[in-house]
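Written below as structure tokens is the structure these notes are about.
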There are 2 protein chains.
Amino acid sequence: MRFGVNHTPSNGWFHSWLDFSPSDTARDLEAIAGLGADHVRIFPLWPVVQPNRTLIRPAALQDIATVVDIAGSFGLDVNVDALQGHLSSFDFVPSWLDSWHRRNMFTDPDVVASTADYVRALADAVADRPNLLGVTIGNEVNQFAHAPHPAPFPTTAAQGHAWAGAMVDAARAGLGSSTGAAASGTGREARGTSAPPPRRPLVTLAQYDAAWYDDAQPFGPEHAAEHGDATVTHSWVFNGAARLHGAMGAGSVRHGEYLLQLAAAWNERADRPNWLQEVGAPTNVVDVADAPDFTEQTIRHALDVQHLAGITWWCSHDVSRSLADFPELEYDLGLLTNDGRVKPTGERFREMALAFGDGRSEAPTPPSTALVLDDVAPDGAPRSGTRADSAPGGRFAAAWLSLAEQDGRGPQVVLRSRLGDTALLAARGIRTCVDVPADTTTTTLSVAHPATMP
Amino acid sequence: MRFGVNHTPSNGWFHSWLDFSPSDTARDLEAIAGLGADHVRIFPLWPVVQPNRTLIRPAALQDIATVVDIAGSFGLDVNVDALQGHLSSFDFVPSWLDSWHRRNMFTDPDVVASTADYVRALADAVADRPNLLGVTIGNEVNQFAHAPHPAPFPTTAAQGHAWAGAMVDAARAGLGSSTGAAASGTGREARGTSAPPPRRPLVTLAQYDAAWYDDAQPFGPEHAAEHGDATVTHSWVFNGAARLHGAMGAGSVRHGEYLLQLAAAWNERADRPNWLQEVGAPTNVVDVADAPDFTEQTIRHALDVQHLAGITWWCSHDVSRSLADFPELEYDLGLLTNDGRVKPTGERFREMALAFGDGRSEAPTPPSTALVLDDVAPDGAPRSGTRADSAPGGRFAAAWLSLAEQDGRGPQVVLRSRLGDTALLAARGIRTCVDVPADTTTTTLSVAHPATMP
């Protein structure tokens, strides 16, 4: 169980890649280590590293590797995200994908091949670092599968699978690991086979929660659960949960736990790790005075989830007020102020990390009850609306929350389509499967994904 | 009369700003000086200099100033363009204007104010350099006033004037010059007043030729003629001229001359300088074997235009084949190969520069005949279609070309709306005004502005 922090550089935010400063980096990472974190997640900017489709800048790769080394000097492991892509409402897309050169980021053969080249080169640049935790394909790249990002988008889940598979293959190739999945050229784990155990470094795919909550998103839960070495979730209660439940309500402080359990329902192996890779206390919906308690309760609930690999808090440093146009919450989202002082949320995070990090927490036994998610109709026929059911306020989400509050711990989630897979259920420790009660009260929320999304 | 070259960095193209190398810069500029050029035009990338709306990177400004100094060491003056913006089919727009932050680049008050901050800071950074030729607001920024660039666009010519005025004011403020126009806050020269003579450094606005040829372009001839210190034209015969006339036909090798005369018709002062700031021999329409003759004839015809301030050839170096996705012509558009060898076009350019540059050519007397352009109806009522008339193949363009071939030199152009301004006509040396003959043969061309536009 790993406790980490997403690193938001204090001086110049991610634009600091343009003025890379080892000393600024060291100051930030030293402060993060002081929070009890054992790892950081870092975010190169795609157009800075690969400004032309066939130009991957060696100096940029060197800067990234240097950050990994500096982190190591403070005892921190590092996860490197490749395709940024999207960060805190800002998008960074190379000019070779813009306007006259606009092409489908996910399906154009030249684009996919060259994007894979970048992922491979980035992974290769850090592959030999002993403190490399993993490589994530990119931060919430599924953002680019819908407006306001420029069309064309992928239109099918299969196109999303092909893209994710190619990217995971590229990362593994860069890391020098060779798996059957990589060799197959599809990158998807073959269903029903015994997949290799997760390796370090981990290769992961990160998605924002529309993957689970929005039936229109081309990237869905299967993409999270079937690609890479762990299932990654990003929990943000400004998605409607806080509005519906109150920021300190169970539906908010259990949102991370819920999303972890929900996502795990699609895992094809019982022991696939679940990683809460982003979670934070956004003060547009969480009162500043409540933020430390929100932080603690969110972490404690997440720790109840089986096979939890880690929690990586968003984020290290408040954005400087000298930078314009950020959503207001971003100026107060750090565990540290912009000038490096530990905030009350930072103190509470440190307490949690020291109490539960680094092997000090026992892995919880899986909840023995599972709530059945209707991914198919009772007769096995396809049905739509599964993701709307799962969104905060939806019938499934409401029923899960009710059970969690009744038991003090949220149940697992099982797909109706997998109820017959007794081996999987047994491996997951599921002994009781319960249906969503017919009288579940639902609230239809238009899940908000405003320009406030980190 | 100045002869110059647009500098396309040989190593890494304009992405080289991310890996700024004084020695690479010096090698390129030495080669350009060897072509007989007296100046270069250089192009910072906007998102590299101003990655956040309120972050203008001092290191980037320093790099730009360093290029100016290196150029000075080879005897070259420098014109610096600010808002790139658009270059050779690629666009570079900061993330604070993209997707979730998309706003009208030309009218949003925060955007305009911060864009002006950048223009001012850039001008200030180079203001004290003795070899500063001028500051151009940006390369063909009117590209961003239509698709495929993302909406919203400006919708009126007045919005374009307000924006251009604000940018020119900002450049002048950065250069430390104070003019009545700048003080007025509009940036437009007051009509009918005696404006100050052009100063060095020049402040200019650069537009691509849709400003003159496309009635749907919000930026038009007035913007070119009324803002800054000179009227700037960019002549590219891949706009349809070469298709219609043949690359070596009069309508092609006179295209620069024509556009200079056409643009000058909107000048409010007879002595306003005209600058052919971009012209090249694009080998998608010009045979490689013809390119040297095309170069010579284009230059010789342009030299016939009154008040010609300079010709700045596009471009210095072929784009490296190691960089992907450029329009094919860009790999062969240099006067120098990518590795710095002088091409036949470069030899011919040098002959022209040595023959006619640096005060060796006498300023031509203005043509005494002017062809009347129907910017209004004969009765003075507004009319539409003036720009379509002016495009290659249009009735006005065809008539101008016919006169040019008959006389060996193209006539001036006078707006019908200004025929009564006898003082202006006298100052321009116009003694005879002729109408477009009724029997002029026209060819309706869809003026092509493909992804091949430098």
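The values are calculated or read from the model by the stated rules, or taken from the named source; none is laboratory data. Since we're looking at a predicted model, the values are computed, not measured. As a convention, Cβ positions derive from the backbone with ideal geometry for all residues, glycine included, and neighbour counts pool all protein chains shown.
Here are a few things to note about the model shown:
- When region B:298-325 is filtered for residues that are more than 14 Å from every other protein chain (Cβ to nearest Cβ) and out of contact with any strand residue (DSSP E or B) (no Cβ under 9 Å at 6 or more places or on another chain), the ones remaining, listed by number, are B:Arg300, B:His301, B:Asp304.
- Assessment of region A:302-311 against the conditions (surrounded by fewer than 22 Cβ atoms within 10 Å (Cβ to Cβ), touching a Ser or Thr at 6+ places or on another chain (Cβ under 9 Å), in a loop (DSSP other than H, G, I, E, B) and acidic (Asp, Glu)) yields no matching residue.
- Of everything in region A:92-143 that is acidic (Asp, Glu) and surrounded by fewer than 22 Cβ atoms within 10 Å (Cβ to Cβ), the residue that is nearest to B:Gln143 (Cα to Cα) is A:Asp98.
- Long-range neighbours under 6 Å by Cβ, at least six apart or interchain, first residue part of a helix (DSSP H, G or I) and among the charged types (D, E, K, R) within region A:157-174, second modelled with pLDDT of 95 or more and surrounded by 24 or more Cβ atoms within 10 Å (Cβ to Cβ): A:Arg172/A:Val203
- A:Thr298 meets each of the listed conditions (1) within 22 Å of the chain's Cα centre (by Cα); (2) closer than 21 Å to A:Glu405 by Cα; (3) surrounded by fewer than 24 Cβ atoms within 10 Å (Cβ to Cβ); (4) among the β-branched types (Val, Ile, Thr) apart from (3).
- Counting only helices (runs of 4 or more DSSP H) that sit wholly inside region A:1-73, those with at least 2 residues that are in contact (Cβ under 8 Å) with a residue 24 or more places away in the chain, out of contact with any Asp or Glu (no Cβ under 9 Å at 6 or more places or on another chain) and within 14 Å of chain B (Cβ to nearest Cβ) are A:46-49, A:58-73.
- Checking each residue in region B:75-119 for being free of Cβ contacts under 8 Å to residues at least 24 places away in the same chain and of a type outside the set (A, V, I, L, M, F, W, C) picks out B:Ser99, B:His101, B:Asp108, B:Pro109.
- The one condition in (1) part of a loop (DSSP other than H, G, I, E, B); (2) facing chain B (nearest Cβ under 10 Å); (3) closer than 24 Å to B:Leu55 by Cβ that A:Arg103 fails to fulfil: (3)
- The single condition among (1) under 16 Å from the mean Cα position of the chain (by Cα); (2) part of a helix (DSSP H, G or I) that B:Leu133 does not meet is (2).
- Taken over region A:379-432, the criterion of being surrounded by 12 or more Cβ atoms within 10 Å (Cβ to Cβ), among the hydrophobic types (A, V, I, L, M, F, W, C), over 30 Å from A:Phe238 (Cα atoms) and without any contact (Cβ under 8 Å) to a residue 60 or more places away in the chain is satisfied by A:Leu419, A:Leu425.
- B:Val288 vs. criteria surrounded by fewer than 17 Cβ atoms within 10 Å (Cβ to Cβ), away from every other protein chain (no Cβ under 14 Å) and among the hydrophobic types (A, V, I, L, M, F, W, C): yes
- Checked against the criterion of being among the small types (Gly, Ala, Ser) and under 19 Å from A:Gln261 (Cα atoms), region A:366-380 has at least one qualifying residue.
- B:Ala162 satisfies every condition listed in (1) modelled with pLDDT under 80; (2) under 22 Å from the mean Cα position of the chain (by Cα) except (1).
- Residue count for region B:128-162 satisfying the condition of being in contact with a Pro (Cβ under 6 Å, 6 or more places away or on another chain) and of a type in the set (D, E, K, R): 0.
- Hey, B:Ile70 surrounded by fewer than 22 Cβ atoms within 10 Å (Cβ to Cβ), in contact with a Leu (Cβ under 8 Å, 6 or more places away or on another chain) and closer than 28 Å to B:Phe3 by Cβ or not: yes
- Residue selected from region A:76-100 under the condition farther than 25 Å from A:Leu132 by Cα and part of a loop (DSSP other than H, G, I, E, B), by the criterion farthest from the other protein chains (Cβ to nearest Cβ): A:Pro94
- Residue satisfying all of: in region B:114-169; closer than 23 Å to B:Arg57 by Cβ and among the aromatic types (Phe, Trp, Tyr); nearest to the other protein chains (Cβ to nearest Cβ) among these: B:Phe144
- Looking across B:Thr422, B:Thr441, B:Thr386, B:Thr369, one residue alone is of a type in the set (Ser, Thr, Tyr) and at pLDDT below 95. It is B:Thr441.
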